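J.: Would you mind keeping the following structure in view while I ask a few things?
Read the figures in this text as sums done on the coordinates, not as results from a lab. Keep in mind that what you see is a predicted model, and the values were worked out from it rather than measured. Every residue, glycine as well, gets a Cβ built from its backbone with ideal geometry; the counts of neighbours run over all protein chains shown.
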Amino acid sequence: MSRAAVLEARSLKVHRGGVQVLDVPVLDLRAGEVLALMGPNGAGKSTLMLALAGLLPLSGGSLRFQGTELGARSEREAYRRRMTMVFQDPLLFDATVAQNIAAGLKLRGVPAAVREPAVQAWAERLGIGHLLARPARQLSGGEAQRTALARAFVLGPEILFLDEPFASLDAPAREGLLDDLGHILAETGSTAVISTHDQGEAARLAHRLAVMKEGTLLQIGGLREVMNHPQDPFVAAFVGMETLLKGQVTASGEGLLTLRLGKGLGGHEVLAIGEARPGQTVLVGVRPENVALSLQTDKTSSARNAFPGTVAKVLPRGPFFKVELDCGFFLAAYVTAQSLAELGLAPGGSIVASFKATAAHLIRREGLDGEV
């Protein structure tokens, strides 16, 4: 059963200096879900988040919160009291950690007898209970962001907006806070929107993913749907589908396509998942983690696509290595350090790359002109 929409946005438009910087036809935020807004710097993530939070004037469109349109000033102000926002920079007051966490509750007139236990509980939950008496100006970046999050959660917001909250943190602080925030969001069933340019953050925190470019929402859907079935080449590249293959369909049926890759690529044939007509030009994508590498063709493998190739580059990618291959066309694969050593992967070396037809997904169809 799908969850009800708690926030509905329709035809949102924002202009700055006479230039349109945001154009989002439809976006619904469902109760109890975490929605990640992804895109490069300047994509419009923060602008959309501020618009959804009612903190930015709209030049067009409407917002509905729990079925009520936020038209009148009083309705917008009431809505803002039911949401809260955490920014990349914590924006703490020159006061103690406890005073910072309690600030919103104090402004709302919550008595100290109720306020203080709540502050203590959220400080403990975010691992800063021992810092309550410390001046906020003496905190590390990670401690400051934990304080900002405690200040937000203690209010019991119905929607939590998080604008790139990890972007300014070092790796250890970021990893620890990602883990803790993920547990809290899951345990509380919070409704939240988080903006990020990091697909790893989105994958760890979000239920759904919205990818943006130049103020436009290109695709929104479940994490697996967007990651494995991007509807646009930009979305595909941004969510890590690095191999994009363009070819002409030579056969199709029962959801399976055979396509011959583009001119000058040696006539390679690839089997992929999708629906298109013979003669049509299509673009398919393959995620690097779905490409297997071996020293010779494995005749027992169920992979329908196998291509001998040459290693062009080996690049470290966190705990993995990205191997870029020349198989007569570009192909990228991820391997562990152990596989890298066992296969002896190095630039100039020979290798066989394979992937299942179910790992090659149709992204775009073009005309029936046969041009590639």
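J.: Of (1) 24.5, 76; (2) 29.1, 100; (3) 46.4, 165, which one was derived for Rg and Dmax of the Cα atoms in Å from the structure shown?
T.: Computed from the coordinates, Rg and Dmax of the Cα atoms in Å corresponds to (1).
J.: I would also like to ask the following. Need the list of aspartates and glutamates near LYS106 for cross-linking: C-alpha distance under 14 angstrom, and skip anything on the same chain fewer than eight residues off.
T.: Those aspartates and glutamates meeting the cut-off are GLU116.
J.: Cross-link list LYS213/LYS356; LYS45/LYS246; LYS13/LYS213: which exceed 22 angstrom alpha carbon to alpha carbon?
T.: LYS213/LYS356; LYS45/LYS246
J.: Evaluate E = 1/(1 + (r/R0)^6) for ALA95 and ASP198, where r is the Cβ-Cβ distance and R0 equals 35 Å; express this FRET efficiency to the nearest 0.05.
T.: 0.65
J.: Based on the mean of other Cβ atoms within 10 Å per residue, sort peptides 280-287, 14-21 so the most packed one is first.
T.: Listed from highest to lowest mean packing, they are 280-287, 14-21.
J.: Further question on the same structure: So what is the relative contact order for region 245-365, in percent, with contacts set as C-alpha pairs under 8 Å and at least six apart?
T.: Here the relative contact order equals 31 percent.
J.: Assuming R0 = 22 Å, what is the FRET efficiency of ASN41 and SER168, from their Cβ-Cβ distance, to the nearest 0.05?
T.: That pair, ASN41 with SER168, gives E of 0.95.
J.: Nothing charged except the Cβ atoms of Lys and Arg (+1) and of Asp and Glu (-1): what's the magnitude of the dipole of the chain about its Cα centre? Round to the nearest 20 debye.
T.: 600
J.: Only helices at least 15 Å long along their axis, Cα-based, and averaging -1.0 or more on Kyte-Doolittle count here, so list those DSSP H runs from the chain.
T.: Span-like helices in the chain: 97-107, 112-125, 141-153, 171-188.
J.: Just from its helices, what would the mean residue ellipticity at 222 nm be for the chain, if runs of 4 or more DSSP H residues each count -39500 (n - 2.57) and the sum is divided by every residue, rounded to the nearest 500 deg cm²/dmol?
T.: When only DSSP H runs of four or more count, the value is -7500 deg cm²/dmol.
J.: Looking only at THR336, THR191, THR216, which one moves most when the chain is put into a Gaussian network model with springs between Cα atoms under 10 Å?
T.: Among THR336, THR191, THR216, the largest mean-square fluctuation in the Gaussian network model of the chain belongs to THR336.
J.: For GLU33, GLU75, GLU254, GLU342, what's the fewest-to-most ordering of other Cβ within 10 Å of each Cβ?
T.: Final ranking by Cβ density, sparse to dense: GLU254, GLU342, GLU75, GLU33.
J.: Starting from the Cα-Cα distance between ALA112 and HIS268, subtract it from 0.36 nm times their residue separation and give me the gain in nm to one decimal.
T.: The span from ALA112 to HIS268 would gain 49.0 nm if fully extended.
J.: With springs only between Cα atoms under 10 Å apart, run a GNM on the chain and tell me which of ALA150, ALA251, ALA236 wobbles the most.
T.: Looking only at ALA150, ALA251, ALA236, the largest GNM fluctuation is found for ALA251.
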